[in-house]
Ligand code: PLP
């Protein structure tokens, strides 16, 4: 008899986006003349930078000739891209990361979801609340949690991000083995200081734990005193893996390219307590289950590191950050407490009401779609997330409508 992995049955069906879609459809039916402005999802709206498009075209042309054609590439990614990443994203920040420690992939979603495969079934995991749901769900699938009750999975240590701690969780009061951190944060838009990140690195070193650091929104950091990579913190290379993505900084959500950094000195332990390098384990996993990102896509990603590409991707980020600033100031002017939007594309807004009530209010009164915070975890209740990924005209119109409706 074929049996299933029953851990899947513990997963909570995510009604979040289908509920949003249903409410939006109903509103549209009742208000056929009203245009709806979507500030809910985290998908980019601007096209790929011209430098990427040129590199993409050129690489496709190469594939059309006998000399230029490429079949399977290295699973870890082509050296031209890995070297560009190591130089610009790490060594330029004083972080000694080599190209051999970089694994190119088709997304930070897959990598943040898959990395937990390297660890034992009984480890204690610490997961932020609210959270990007992939970290939690993939551990549920792997059987590292108990059942779901009262908004939480048993056996998980939740790292609460609340107004009281400025949306940067405190160190756990009990020992944990695997820690997920995401800064700039999705959904709260909060950032972490070097001092606070250092305390996490020290915690991990002291407790033989590992940090999975999701830096998918690193490009949106404007304040240069904030860490752009965890490897700016001394000793992090022994206790942290970092995930990055070209999705938001380069407009690659549909093109798909990202990477994961696994330093060669980063270790975990066998049950007997023998240290083992994660680099070799992840390399084995990556080569067994993944066959590389396509050559044209990697050339397009490499182009983001050219002088023109850097300028164009900065332009993209600046465009969205202008939206973020407008959202943050408009909502603050209306008396709402907001975080994020200054070094991140998300604005987390406290509504003084139920998340879904706030959602309905913005939809019914202003025709604006947000994401209810409760969809990201128990601590998200009472909040909504607004995303800066839309056109400036749409964001301006959305803010004018909200002002008119709520002022
Ligand atoms: N990590 C976080 C925190 C995200 O918000 C997202 C996408 O929204 C991802 C990872 C996924 O990125 P990718 O498009 O590279 O899969």
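Here are some notes:
- Any hit, the stretch 184-205, residues being out of contact with any strand residue (DSSP E or B) (no Cβ under 9 Å at 6 or more places or on another chain), over 17 Å from residue 112 (Cβ atoms) and within 16 Å of the ligand (Cβ to nearest atom): no
- Strands (runs of 3 or more DSSP E) wholly inside the stretch 48-164 that include at least 1 residues being within 16 Å of the ligand (Cβ to nearest atom) and in contact (Cβ under 8 Å) with a residue 40 or more places away in the chain: 102-105, 125-129
- Within the stretch 176-190, being in contact with a helix residue (DSSP H, G or I) (Cβ under 9 Å, 6 or more places away or on another chain) and either in contact (Cβ under 8 Å) with a residue 60 or more places away in the chain or buried (at least 21 other Cβ atoms within 10 Å of the Cβ) (or both) holds for 176, 178, 179, 180, 181, 182, 183, 184, 186, 187, 188, 189.
- When 318, 364 are checked against the criterion of being over 30 Å from residue 21 (Cβ atoms) and loosely packed, with under 15 Cβ neighbours inside 10 Å, 318 stands alone in meeting it.
- Test result for residue 274, surrounded by fewer than 21 Cβ atoms within 10 Å (Cβ to Cβ) and away from the ligand (no atom under 15 Å from the Cβ): yes
- Residues that are in contact with a helix residue (DSSP H, G or I) (Cβ under 6 Å, 6 or more places away or on another chain) and outside any helix (DSSP H, G or I), drawn from the stretch 356-368: 368
- Every residue from the stretch 49-84 that is closer than 19 Å to residue 287 by Cβ and in contact with a helix residue (DSSP H, G or I) (Cβ under 7 Å, 6 or more places away or on another chain): 70, 73, 75, 76, 77, 78, 79, 81, 82
- Close pairs (6 angstrom Cβ cut-off, 6 or more residues apart or separate chains): over 14 Å from residue 261 (Cα atoms) in the stretch 207-221, part of a strand (DSSP E or B) and within 11 Å of the ligand (Cβ to nearest atom) anywhere: none
- Annotation note: of 331, 353, the sole residue that is part of a loop (DSSP other than H, G, I, E, B) and either crowded, with 23+ Cβ neighbours inside 10 Å or in contact (Cβ under 8 Å) with a residue 24 or more places away in the chain (or both) is 353.
- Among the residues of this structure, residue 344 does not count as one that is at pLDDT 95 or above and over 20 Å from residue 165 (Cβ atoms).
- Which listed residue is surrounded by fewer than 24 Cβ atoms within 10 Å (Cβ to Cβ), under 13 Å from the mean Cα position of the chain (by Cα) and within 16 Å of the ligand (Cβ to nearest atom), from 253, 229: 253
- Flag if residue 396 is in contact (Cβ under 8 Å) with a residue 60 or more places away in the chain and assigned to a loop (DSSP other than H, G, I, E, B): no
- Conditions (1) assigned to a helix (DSSP H, G or I); (2) closer than 18 Å to residue 370 by Cα; (3) under 19 Å from the mean Cα position of the chain (by Cα): number failed by residue 301: (2)
The values are calculated or read from the model by the stated rules, or taken from the named source; none is laboratory data. Everything numeric in this text was worked out from a predicted model, so none of it was measured. Glycine also receives a Cβ, built like all others from the backbone with ideal geometry; neighbour counts cover every protein chain displayed.
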